[in-house]
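A.B. asks: Okay, here's the structure, questions in a sec.
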Amino acid sequence: MSLFLFKRILTLIATLIGTSVIVFLVLEILPGNAAQMLMGADASPDAVAALATKLGLDQPAWTRYWHWVGGLLTGDLGNSYAYGSPVVDLVLERLALTIPLALMAMVLTTVLALIVGVTAAAKHNRMGDVGLMGLTQVGIAIPNFWFAILLILVFSVELQWFSAGGFDGWSEGILPGIKALLLPALSLAVVQAAILARITRSAVLEVMREDFVRTARAKGVSQRAVLWGHVLRNAMIPVVTVMGLQFSELLAGTIVVENVFYLPGLGKLIFQSISNRDLIVVRNCVMLLAAMVVIVNFVVDVTYALIDPRLKASDI
């Protein structure tokens, strides 16, 4: 197990290094100039050059890359060009919304997908299976932003059960905060739940054909107990794989959903920073999202070994 973790940690570090290089180079080749954007179109070339020097934009790319990586390792992410405040403070403030939003969406995705997937597998080739798989097909076809607008029209405009947007912060209480994030989380979760439900159904059906399932049923164990107590755990490897990928999709999806619901999260910060050419914020936010994705995949790999101990021996 120690060798298994060691190999995964080395892969994690190598992936983060490669990701940092790609993120830096992609943003480096984008057209435009942050100093020109801040000074305005009518600014003189001398003024723009002076601001570029002050911001360190005149330094060679490799120098700025090592300076940025050193800041990542020490927690010094620099100051935003547009906001004039430390990037760390901006990111931490926005993560207080984005992380709970992504986690709520992941919980809703998992609960909906497991219930629908296992139920459809239990009713294989019957009306319930066909109906549930039809609903998942509709869910896959719905864009997140369109479903978000639909939720606002129904639950905010017509029924007036929820606010149409905005977030007052967690200082107002946990329940009001959860209520404010429920519609955005649901709009993120529906598409992912539809995909995960189909994966769950296929995995459960495959395990249900195994001999140990027939043995359990022959011993008088109820179908419900077999499904949820025996089959589901053995079917979790492909499900956990997709869940890891989906958490990455949920993090990326917050960029659109936060703008639809006007939520002051990390996605909205990235969108505003791109508009302002505030590349130091964009670079750090994108790297943070990429690091979170890589770490989630690392956790998924470790979870494989916990679910199925045979994978540890084969991997080593």
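A.B. asks: If you build the convex hull over the alpha carbons only and average its shadow over all orientations, what do you get for the chain? Give it in nm² to one decimal.
C.D. replies: Mean shadow area of the hull around the Cα atoms is 21.3 nm².
A.B. asks: Per DSSP helix of 4 or more residues, -39500 (n - 2.57); summed, then divided by the residues of the chain. What does that give at 222 nm, rounded to the nearest 500?
C.D. replies: The helix contribution divided over the chain gives -25000 deg cm²/dmol.
A.B. asks: Just to verify a number: what accessible area does residue 67 come out at with the full protein assembly present, 1.4 Å probe, Å² rounded to tens?
C.D. replies: About 140 Å², ignoring ligands and nucleic acids.
A.B. asks: Nothing charged except the Cβ atoms of Lys and Arg (+1) and of Asp and Glu (-1): what's the magnitude of the dipole of the chain about its Cα centre? Round to the nearest 20 debye.
C.D. replies: 1460
A.B. asks: Something else about it: What are the DSSP H helices in the chain that stretch 27 Å or more along their long axis, judged by alpha-carbon atoms, and whose average Kyte-Doolittle hydropathy comes to at least 0.5?
C.D. replies: The qualifying helices are 2-28, 87-122, 174-208, 236-260, 279-307.
A.B. asks: At 1.4 Å probe size, put 9, 174, 255 in order of accessible surface, largest to smallest.
C.D. replies: 174, 9, 255
A.B. asks: If you average the C-alpha positions of the range 124-186 and of the range 234-294 separately, how far apart do those two centres end up, in angstrom?
C.D. replies: So the separation of the two Cα centres works out to 19 Å.
A.B. asks: So what is the relative contact order for the chain, in percent, with contacts set as C-alpha pairs under 8 Å and at least six apart?
C.D. replies: About 27 percent, as a whole number.
A.B. asks: Taking a probe of 1.4 angstrom, what is the accessible area of residue 278 in Å², to the nearest 10?
C.D. replies: 0
A.B. asks: Using a 1.4 angstrom probe on heavy atoms only, work out the carbon and sulfur share of the accessible area of the range 123-180 in %.
C.D. replies: 68
A.B. asks: Just to verify a number: what accessible area does residue 152 come out at with the full protein assembly present, 1.4 Å probe, Å² rounded to tens?
C.D. replies: Approximately 30 Å² for this residue.
A.B. asks: Would you mind getting the accessible area per residue of the chain, heavy atoms of the protein chains only, 1.4 Å probe, in Å²?
C.D. replies: Each residue of the chain exposes 53 Å² on average to a 1.4 Å probe.
A.B. asks: Give the long-range amide H neighbours of residue 79: residues separated by 5 or more places, or on another chain, with amide H under 5 Å away, using H modelled in the peptide plane at 1.01 Å from N.
C.D. replies: Those qualifying (amide H under 5 Å, at least 5 residues apart or on another chain) are 87.
The values are calculated or read from the model by the stated rules, or taken from the named source; none is laboratory data. Worth saying up front: this structure is predicted, and the values here are computed from it rather than measured. Here the Cβ is made from the backbone with ideal geometry for all residues, glycine too, and neighbour counts use every protein chain on show. Heavy atoms of the whole protein, side chains included, go into the accessibility calculation; ligands, DNA and RNA do not. Shrake-Rupley method; radii C 1.70, N 1.55, O 1.52, S 1.80 Å.
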